[in-house]
Amino acid sequence: QVQLVESGGGLVQAGGSLRLSCAASGRTFSSYAMGWFRQYPGKEREFVGAISWSGGSTYYTHSVKGRFTISRDNAKNTVYLQMNSLKPEDTDVYYCAAGTGSIYYGANYAYWGQGTQVTVSS
């Protein structure tokens, strides 16, 4: 069982940066791949990116590649989403999730956080 809590969301101007954190409880955190997703009210949830259990591999959706970076600190049971060059279209609720399987072929994300709001003003 893993419980996830996101933090770090807020309001930022276009071109700015935010770093989201996702703190996990449970001693098995380091065995899970971690993903970041986002969802705008009324729209489908969108995959943002993921990081392997070791942190050695990352994968991003095309729209954020080069702007967003995912990292993790297994000693702190925390995964991060560094977001740079933010655009108004990045405005969403951002969720982290813990899962098993390949980050490239759709890991099975069984545990989800409650989400944190990111708003990018133009």
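The values are calculated or read from the model by the stated rules, or taken from the named source; none is laboratory data. Small disclaimer: the values here were computed from a predicted structure and weren't measured. In this analysis, Cβ positions are derived from the backbone assuming ideal geometry, glycine residues included, and neighbour counts consider all displayed protein chains. Keep in mind that these areas ignore ligands, DNA and RNA; they rest on the heavy atoms of the full protein, side chains included. Shrake-Rupley method; radii C 1.70, N 1.55, O 1.52, S 1.80 Å.
Data table
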item	result
For the stretch 29-101: Kirkwood Rh in Å [reciprocal of mean 1/r, alpha carbons]	12.6 Å
Cα-projected label distance for residue 87 with residue 74, points at 7 Å along beta-carbon direction, nm	3.5 nm
Unit charges on C-beta of K, R, D, E only; dipole of the chain, Debye	180 debye
Where only C-alpha atoms are counted, convex hull volume of the stretch 60-122 per residue in Å³	105 Å³
The chain: Cα Rg divided by the 2.2 N^0.38 Å rule of thumb	0.98
The chain: relative contact order in percent, alpha carbon pairs under 8 Å with at least 6 residues between	35 percent
For the stretch 52-101 versus the stretch 1-35, the gap between their alpha-carbon centres in whole angstrom	8 Å
Accessible carbon and sulfur surface of the stretch 60-122 relative to its total accessible area, %, 1.4 Å	49 percent
Stretch gain in nm, segment residue 57-residue 13, where the contour uses 0.36 nm per residue and the Cα spacing is subtracted	12.8 nm
Label zone at residue 3 (point 7 Å along Cα-to-Cβ), backbone N below 19 Å, the stretch 47-88	76-79
For the stretch 1-70: relative contact order, % (alpha-carbon pairs under 8 angstrom, 6 or more apart)	21 percent
